[in-house]
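The values are calculated or read from the model by the stated rules, or taken from the named source; none is laboratory data. Computed from a prediction, not measured in an experiment: that's the story for all the values here. Reconstructed Cβ throughout: ideal geometry from the backbone, glycine too, with neighbour counts over all protein chains shown.
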Amino acid sequence: MPLESGIEPSAEHIEMLEAAVERKDAAWIVEEIGDLHPADITQLLYDFDSPACKYIISLLPYDVGAEILTNLDSETRKKFLKVYDSTEFVEFIPYMDSDDAVDILTETPVRFREEVIARMTDVEMASHIVELLRYDEDCAGGLMAKEIIKANVNWTIVRTIEEIRRQAENVEKIYSVYVVDDNDILLGRVSLKKIILAKSHTLIKDIYEEEIVFIETYRDQNEVAEIMQRYDLESVPVVNIQGKLLGRITIDDVVDVITEQAEEEINLMSGISETVEEDESIWLSAKARLPWLLIGMTGGLLGAKFAGLFEWQIRLVPAMAFFIPLITATGGNVGIQSSTVMVQSLGNKTINSLSFLQKLGKTLLIALVNATVICLAVLSLTFLLGDPIALALTVSVAIFSVVILASVMGTVTPYLLDKVGVNPALASGPFITTANDLLGLAVYFGVAWWML
């Protein structure tokens, strides 16, 4: 029974497909996966080596193969493209958007890239790719596709419809018709609804909207994502410094940017300094995790030495040692909570309506509520468990102070890092935990010295 889109293939199906690839049973493979969505075929290919993937793709139409190549993750695709020569790969280019083609070509050696461009028969597409290759991949110019629908401000509706039909041959999805002057300077946009409803002799300049959100080629990809989120855009036009319309960025490219940004911040907040894949070497995986583990270890040693300074207090009241894990764990948890909220606020400017002082004030109020509840809970439990009232009061006051200070530190640290141009996600995870361990111990023993 052929595989169905959206349904995870069983181990038996995978084995049967592997066997079919081994015996080069093209008819069976096409019957089995020919009706699948390209995204499902892409997922299926992760179970095969590069030569097998190449054989399977060779049995499919070029447009399907092009979409599969576009969908593959970057690391897998780099390995996969090594089994293609430029003559074979160039056949997929006409079925790709220019931005996707450029993304893939930038992952290949320079010689391969130049051979592909030289072998292209579509001169316009080749010039688009050459132009896009000069932009950094993390700026708006590197994200944009050259395939757009545009209309001259002086065209009639009849002329515009004819041009839309011609231009749409190279555009998979039409989100907007951009309006330009004779020098291709972006003036605004006009909806397809207005074009359809307008009379044939009407001029575009009489119906287009001048208000339009656009982005310059040099803008960072995170700015692009922020703007498209803020204005809920499916696509945004890209212009050069003179305002000339060059291309557009669509929502699917921005989703990739948002996903990459989220993965990077999750890694940083977890204490992983680099993005690594599951199949990376042991050394690369260890290298990505070691820096913050070493920082955490150093913080732990400092904490132990710091606690040693108050050895005389622990000797006088040995029960104090039992509450050290409670103090450090609470401070670490509160700090991570506060820093995570602040990092999210800094990363999403669309909801960033409060000033820093307002955020800090709100954090303090929340911390006061949490600290009071935790303080009373600790006081009640320690007293009920039979600890001396003086020790119970000491631990309760210490944990109240730790919650307040950890909340403030978790809010202020990401803000300061952001101001000096460092990724605020670094403030979370091992950094905040280690810092709050030391802070918590200082507060705990300070309160104990004062009260006991």
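For Asp73, indicate whether it is surrounded by fewer than 18 Cβ atoms within 10 Å (Cβ to Cβ) and within 20 Å of Ala39 (Cβ to Cβ).
yes
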**OP:** Go through the stretch 134-152 and give me each residue that's assigned to a loop (DSSP other than H, G, I, E, B) and farther than 20 Å from Val236 by Cβ.
**Re:** Arg134
Original post:
Identify, please: which residue in the stretch 418-434 is in a helix (DSSP H, G or I) and either modelled with pLDDT of 75 or more or β-branched (Val, Ile, Thr) (or both) and is, among those, surrounded by the most Cβ atoms within 10 Å (Cβ to Cβ)?
Top reply: Ile432
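Within the stretch 76-97, take every residue that is of a type in the set (S, T, N, Q) and either touching a residue at least 60 places away in the same chain (Cβ under 8 Å) or more than 27 Å from Ile249 (Cβ to Cβ) (or both) and give me the one that is surrounded by the fewest Cβ atoms within 10 Å (Cβ to Cβ).
The selected residue is Thr87.
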Original post:
Considering the stretch 6-36 alone, what residues qualify as being assigned to a loop (DSSP other than H, G, I, E, B) and either more than 14 Å from Pro61 (Cα to Cα) or modelled with pLDDT of 90 or more (or both)?
Top reply: Gly6, Ile7, Glu8, Pro9, Ser10, Arg23, Lys24, Asp25
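Can you confirm whether the stretch 124-146 contains a residue that is among the polar types (S, T, N, Q), touching a helix residue (DSSP H, G or I) at 6+ places or on another chain (Cβ under 9 Å) and modelled with pLDDT under 95?
no
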**OP:** Search the stretch 100-118 for residues being in a helix (DSSP H, G or I), under 22 Å from Glu147 (Cβ atoms) and not charged (D, E, K, R), and hand back the single one that is farthest from the chain's Cα centre (by Cα).
**Re:** Ala118
Original post:
Scanning for something closer than 25 Å to Tyr218 by Cα and in contact with a strand residue (DSSP E or B) (Cβ under 6 Å, 6 or more places away or on another chain), does the stretch 155-176 turn up at least one residue?
Top reply: yes
